[in-house]
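Just below is one structure, and these are the notes that go with it.
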Amino acid sequence: MKTSLKKIYTWINSRVELDDLVQFMGKKYVPINRHSVWYYFGGVSLFLFIIQVVTGILLLMYYKGSDSLAFESIQFIMSKVQFGWLIRSIHSWAANLFILAIFVHMFSVFFTKAYRAPREMTWLTGMVMLLLAFGFGFSGYLLPWNELAFFATRVGTDIAGILPVIGKPMLTFLRAGEDVTGATLSRFFGIHVAILPGIFIVFLSIHLLLVQRQGMSEPLDGHHDTERKVMPFFPNFLLRDLLLWLIVLNVLAILAVFFPWELGKKADAFASAPAGIKPEWYFLFMYQTLKYLPAHILSMDGEVLGVLLFGAAGALWTLVPFWDKKSSRGERNRFINYLGLFVVLFIIVLTIIGWLA
Amino acid sequence: MKHFAYILSLVIISSGLVFSQAQTRVDQCVSCHNDLETPEAKLFQHDIHRMKGLSCADCHGGNRYAEDMDQAMDKKAGYIGVPKGDQISSMCAKCHGDAEKMKQYHSSLPTNQFENLKESVHGRLDLTGNARIAQCSTCHNAHGIVSVKNPASPVYPLNIPATCAKCHANPTYMRTYDPSLPVDQLEKYRTSIHGIRNKKGDPKPAECASCHGSHDIKSVHDAKSSVYPLNIPATCAHCHSDAAYMKQYGIPTDQFEKYSLSVHGVALLKKHDISAPACNSCHGNHGAVPPGVESISKVCGTCHALNADLFSSSPHKKAFDERKLPECETCHSNHEILTPTEKMLGTTADAVCSRCHTEKENPKGFIAAQQMRTLMDSLIHEEAKAKMLVNEAEQRGMEVSDAEYKLRDAHQALLQSRTAVHAFNEEKFAETVKPGLATAALVEGEAKGAVEEYYFRRMGLGVATLIITILAVSLFLYIRRLEKNGKHKV
């Protein structure tokens, strides 16, 4: 067996010179410090993305992206296709865990200031992927074409539509018309299964390449150690990653079986919106904040100002490697910690209020 | 003496003046018009208003005591001539809308007639757009007005149909206001029991105003109308539930009570479903009569068409005709038609079949009724069982919408079987029930499968979790072994 594998390796190596890569991988180490646990959330996010791709492809075999067939095709997947219920439930649960893992990963990077030079590009590609993940969630939510998704999409796109100048064209572009219709479903379907995955893969590749090339960042307070503790990336860190992936897979299976993702009622454009319509949990803090804003602030529409403020805050957050000069110089920056803490508390509190409202 | 002569002459002169003045206060309008023998004057001689001391000038204005015609009919004296349009009703309402004035004449009449008229369908503007469609005089006449209790009154019960028909039987006139409104009401009314008795001189049976009201007549489409579908039963019951009023006619007075309990009454009166039949749906409205034995199935068949058709081609048709049994009514009753259940079918004590079909006298029908009931019971039982299993699967979070949809087919078969009963043909009945039984069995199978699948999923999860856990533990142990030499240092 070993001989056969070696023969195959030798055959490939003689053509693409694998030795260099193996040598590089053999020399790759992961630092060990009191923040090492956060390193694993990048891997968990990647694992959940892979699950999304695999289950998404399987769902594509039966899903029909039209307003007259979408709901029925999901019903068919849930009731007739072998393990269709499992695939759909895992796809839905993994989508939510994926966003959660990205959030944890992003905040861990933020608090350990791992975005600082020379890893600005890694941070930026990560932020782009977070936005793309939101796009995945928003577009995928409509695809079952059920009542909740239909009205939540209407509310969500309405919010996008209030933006000055670009709002109206953006609304029309997203909805493929004036209102949420079958054309919106077809558009969201295309965005969800072709456009977003295509763009995401590009950024993911850059992100992973940068991580491999630059290695893991070490926290600022670790520099005082006299000697650095490390572990080899291959196989130690990878095996630890695999162990965590197995645990996540177990959690996913339990969630899918005990809490199968409900399908609800088919969307009816002429029906009145069901009570208590809410966006997905990861948009809830923004939605709830907009609800608290007064109708007019300084002669501006409250909602418009809110959306613009969220946009500005998001931009500032994304550009943190460029304005946090202290951390880049290796100095402590307590402001970043307080800012991060405020944002985390803000998101958690507003999400809980929104959930309970 | 001189003083006495002076006082006497004063008394004589003043008495003469009073006498001559009394002579000049003769109602010159009445006096002249009586002399002229005008039709108005003739009619007015018997007018209730004249009896009460009113005169021409009370409506037409002017100076009733002036001998000179120009002075009598001087506009400055308030003379208005012949009142036109709304002036007529307003003139009547001056007294009839004033409770104090009416008290002076010891009248017990209501004083809201004009207000009611204005709100009524007749209070809408006429073709000219300047006046209401009907004025008081349209129905009551102008100069020969007599009490409504007087048989000479156009609004006396016996005369009302003809009074209303003056306009309502005139197609040319009615077309100008409501082309869709029929104009044969009087013709139909005369064929009704009400109309026949009315014609014979009985003022008690219903005429137009009994059902439609008098001054406050509303369109039949107006929910406030006494003949709006929801209000019809109460309108009819006004007389038909009054035992004292109906005593002389010898008919029951519990129809409304029974109807209220019936499937039709509940639908109309409680659920406010205006498509549900009211009294007039079966009895007719203007031509109201109890449907004859031979026409009951036709009357019921206007809504229950399929049941009526099946019955007409069933062996029961001939048997019922021979025995002069009213078709639908024999089993379902008339006013108190309850929701039919499977209990009506079969040979049990509460089944209607057993009233005629006994094991000894009519074994064929007896057996057929028994078998049909067995089939229906099976379908009900199987449908309920399938429904219970579908609910169980649904409660366990299983996707069973397809089974739920099919369940509707089983229920549809049950509904169809209730109609198919009316063919009283065992084979045809079985043809309707069997697809329902097959569907129920199919749904039952699917629902059972879903429940089994539920347990399979849990078992599958257990196995998968065990495998993953073993893998994870093995991996953990492998990592530990790999790292037993401690951390790498660089």
Working only within segment A:250-291, note down all residues that are more than 14 Å from chain B (Cβ to nearest Cβ), more than 22 Å from the chain's Cα centre (by Cα), assigned to a loop (DSSP other than H, G, I, E, B) and charged (D, E, K, R). A:ASP268
Just to check your reading of the model, which residue among B:ASN130, B:ASN141 is over 25 Å from the mean Cα position of the chain (by Cα) and without any contact (Cβ under 8 Å) to a residue 60 or more places away in the chain? B:ASN130
Condition (residue is under 18 Å from the mean Cα position of the chain (by Cα) and without any contact (Cβ under 8 Å) to a residue 24 or more places away in the chain) applied to segment A:134-151: is it met by at least one residue? no
Would you say B:TYR405 is surrounded by fewer than 16 Cβ atoms within 10 Å (Cβ to Cβ) and either part of a helix (DSSP H, G or I) or within 14 Å of chain A (Cβ to nearest Cβ) (or both)? yes
Selection within segment B:333-382 - closer than 30 Å to B:PRO233 by Cα, without any contact (Cβ under 8 Å) to a residue 12 or more places away in the chain and part of a helix (DSSP H, G or I): B:LYS343
Give segment B:383-420 a look and list any residue that's under 14 Å from B:GLY436 (Cα atoms), in contact (Cβ under 8 Å) with a residue 24 or more places away in the chain and among the hydrophobic types (A, V, I, L, M, F, W, C), or say none. B:ALA386, B:ALA403, B:LEU407, B:ALA410, B:ALA413, B:LEU414, B:ALA420
Could you tell me which residue of segment B:426-471 is nearest to B:MET376 (Cα to Cα), considering only residues that are buried (at least 18 other Cβ atoms within 10 Å of the Cβ) and away from every other protein chain (no Cβ under 14 Å)? B:VAL433
The condition of being of a type outside the set (A, V, I, L, M), at pLDDT 95 or above and surrounded by 12 or more Cβ atoms within 10 Å (Cβ to Cβ) holds, among A:GLY314, A:GLY264, A:GLY306, A:GLY302, only for A:GLY314
Can you pull out the residues in segment B:133-179 that are touching a His at 6+ places or on another chain (Cβ under 7 Å) and either within 23 Å of B:LEU43 (Cβ to Cβ) or crowded, with 19+ Cβ neighbours inside 10 Å (or both)? B:ALA134, B:GLY144, B:ILE145, B:VAL146, B:PRO154, B:VAL155
Return the residues of segment B:472-490 that are within 10 Å of another protein chain (Cβ to nearest Cβ) and at pLDDT below 80; say none if nothing qualifies. B:GLY486, B:LYS487, B:HIS488, B:LYS489, B:VAL490
Residues to consider are A:VAL37, A:VAL30; find the one that is loosely packed, with under 12 Cβ neighbours inside 10 Å and either free of Cβ contacts under 8 Å to residues at least 24 places away in the same chain or within 14 Å of chain B (Cβ to nearest Cβ) (or both). A:VAL37
Being more than 8 Å from chain B (Cβ to nearest Cβ) and either at pLDDT 90 or above or at positive phi (or both) is the filter here; which residues of segment A:218-249 pass it? A:PHE237, A:LEU238, A:ASP241, A:LEU244, A:TRP245, A:VAL248
Please go through segment B:437-469 and give me each residue that is among the polar types (S, T, N, Q) and touching an Asp or Glu at 6+ places or on another chain (Cβ under 9 Å), ordered by number. B:THR439
Among the numbered conditions (1) surrounded by fewer than 19 Cβ atoms within 10 Å (Cβ to Cβ); (2) in contact (Cβ under 8 Å) with a residue 40 or more places away in the chain; (3) within 14 Å of chain B (Cβ to nearest Cβ), tell me where A:TRP93 comes up short. (1)
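The values are calculated or read from the model by the stated rules, or taken from the named source; none is laboratory data. Bear in mind the structure is a predicted one, so any value in this text is a computation, not a measurement. Heads up, the Cβs are rebuilt from the backbone with ideal geometry, glycines too, and the neighbour counts pull from every protein chain shown.
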